[in-house]
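Remarks on the structure that follows.
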Amino acid sequence: MDFPIKEEIKASLVRLWFAGLVCYLVLWGSSVSNDFLDLLLLLPLAHFLCDVLLTNPIVRAVFKTRLNLQKKYGEMNSFQRVKTWVYAFLEVFLTKAIVIGIYEGLNRLIILIGGLDKSSVPFPVEPFSYAFIYSVVYYLFYFIKYKFMLNLLQGKRDTSDL
């Protein structure tokens with residue numbers, strides 16, 4: 001099962017655009033970023049809905065990527081659909097927590113190195129950097145997950161070539 005690298009790059013650009021869209025609409029367009037609990041619950045929920053309803057169906061229909069290995073929603077029974085959605089939400093939640101941690105770490109490092117005021121935000125959230133960081137973390141999980149799935153589908157039990 002070989003997937004052209006051009007298709008993966010095109011799909012990553014689509015995902016990058018939708019991640020920037022979620023940042024623009026949710027983080028800039030609402031007061032979600034003012035409350036940490038809202039940030040940890042509503043932002044992953046918005047990304048989850050965007051991924052399930054927009055990004056993944058577009059990527060699956062237009063490009064030949066590893067997402068095509070998954071069953072289509074019409075072929076799944078209800079339990080499989082719910083299980084897929086719960087897994088996708090947990091994956092997005094973990095990705096969001098890591099992205100928030102990266103932003104927090106970068107800001108603290110810049111403040112420490114530059115000797116800035118602790119209340120300043122030298123690296124603020126803006127759609128392009130957010131989408132880039134989100135996409136890097138997402139694709140890290142994506143390639144690890146599908147590396148194991150490909151090995152399982154091909155009957156390989158050894159995953160030492162990761």
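Of the heavy-atom accessible surface of the stretch 26-134 (probe 1.4 angstrom), what whole percent is carbon and sulfur? Summing carbon and sulfur atoms, their accessible area is 70 percent of the total for the stretch 26-134. Full extension of the chain segment joining Ile102 with Leu39 gains 21.2 nm, where the gain is 0.36 nm per residue of separation less the Cα-Cα distance. Ranked by the mean number of other Cβ atoms within 10 Å per residue, highest first, peptides 132-142, 101-111, 77-87 order as 132-142, 101-111, 77-87.
Given R0 = 30 Å, the distance between the Cβ atoms of Glu126 and Tyr87 translates into a calculated FRET efficiency of 0.50. Measuring against 18 Å, Cα to Cα, the residue pairs Lys83/Lys145; Lys64/Lys147; Lys96/Lys147 contain Lys96/Lys147 as the ones spanning a longer distance. With the simple spin-label model, which puts each label point 7 Å out from Cα in the Cβ direction, the Val136 to Leu94 separation comes to 2.0 nm. With a cut-off of 12 Å between beta carbons, the residues surrounding Leu13 carry a summed charge of +1, where Lys and Arg count +1 and Asp and Glu -1.
The values are calculated or read from the model by the stated rules, or taken from the named source; none is laboratory data. Since this is a predicted model, take the numbers as computed values, not measurements. Positions of Cβ are backbone-derived with ideal geometry, glycine not excepted, and every protein chain shown enters the neighbour counts. Ligands, DNA and RNA are stripped out before the accessible areas are found, and what is left, the full protein with its side chains, is counted by its heavy atoms. Shrake-Rupley method; radii C 1.70, N 1.55, O 1.52, S 1.80 Å.
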